[in-house]
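Working notes, beginning with the structure itself.
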Amino acid sequence: MSDLAPKPVSALDRATFEGPLVSIGEAGAVGMITIRGDFSDIGFAAAIKAATGVEIPDTRKFAETVTGGLGWMSPDELLWVLPYAQAPAAVDDLTAALGDLHHMAVNVSDARTVIRVSGSGARELIAKGAPVDMAPAAFVPGDFRRTHIGQLAAAFWLSEDERTITVVCFRSAGAYLFDWLCESARDGATPGLY
């Protein structure tokens, strides 16, 4: 029997851009699950750790794993990033583990676009459009922000390599954000702060 499951379609067909200081690329299909619940509930916290492999991150933090990670979105909301194909089963398993506890777990993979910005100018590029202090001492690996970039709602985090920033936005605005990032990364377009 053949696999009739639909294959994910990338929002931007894995578009890439090479600027003088950054590389920008759409990550393709990435699994994402929005989770809501009471972070102070011991049962909730234990189920999240068992499912994701990490503790609930502190405020404005992203706990990176080999295959994705877990980001703090608000006082009762998390974003679980994982391989696309694993997201449906992960929602089912997490929902079963949480049982009667107050919670929500929704697969939002197809509603989002993921763009990776890497290189020596990554901080500069994000600083140009986001109201966030991107200075190396102020924004460190594992920091996570839910804010705006170029007037568009987005979330982003800095990876351990300190040169890669992963940006998530709504799929419907993915092309706009990608184009904004590319235009803002052209030669001479970054402010030269860091």
Query raised in the report: Around Phe39, what is the net charge, scoring Lys/Arg as +1 and Asp/Glu as -1 over all other residues with Cβ under 12 Å from its Cβ?
Result: -4
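At a 1.4 Å probe, what is the % contribution of carbon and sulfur to the accessible area of the chain?
After summing per-atom areas, the C and S share lands at 54 percent.
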Query raised in the report: In deg cm²/dmol and to the nearest 500, what is the mean residue ellipticity at 222 nm of the chain if only DSSP H runs of at least 4 residues count, each as -39500 (n - 2.57), divided by the residue total?
Result: -6500 deg cm²/dmol
Query raised in the report: Percent relative contact order of the chain, based on C-alpha pairs within less than 8 angstrom and at least six residues apart?
Result: 24
Query raised in the report: Taking only protein heavy atoms and a 1.4 Å probe, what accessible area per residue, in Å², does the chain have with all protein chains in place?
Result: 50
Query raised in the report: At a Förster distance of 35 Å, what's the computed FRET efficiency of Asp93 paired with Arg171, Cβ-Cβ distance as r, to 0.05?
Result: 0.90
Report task. Calculate one ³J(HN,Hα) per residue across the stretch 156-165 by plugging θ = phi - 60° into the Karplus curve 6.51 cos²θ - 1.76 cosθ + 1.60, and present them in order as whole Hz with x for glycine and proline. Result -> 7, 9, 9, 6, 4, 6, 6, 10, 10, 10
Requested in this report: Determine the distance separating the Cα centre of the stretch 20-73 from the Cα centre of the stretch 140-194; give it in Å without decimals.
Outcome: 18
Report summary line: Expected vector for the stretch 21-32, Karplus 3J(HN,Hα) from phi with 6.51, -1.76, 1.60 and θ = phi - 60°, integer Hz, x for Gly and Pro, equals 10, 9, 10, 10, x, 6, 7, x, 6, 10, x, 9
**Report entry** Formal net charge of residues neighbouring Glu183 (Cβ-Cβ distance under 15 Å; K, R +1; D, E -1)
**Finding:** -2
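The values are calculated or read from the model by the stated rules, or taken from the named source; none is laboratory data. The shown structure was predicted, so the numbers you read here are calculated from the model rather than taken from an experiment. Don't worry about glycine lacking a Cβ; one is built from the backbone with ideal geometry, like all the others, and counts go over all protein chains shown. Quick note on the areas: whole protein, heavy atoms, side chains included, nothing else; ligands and nucleic acids left out. Shrake-Rupley method; radii C 1.70, N 1.55, O 1.52, S 1.80 Å.
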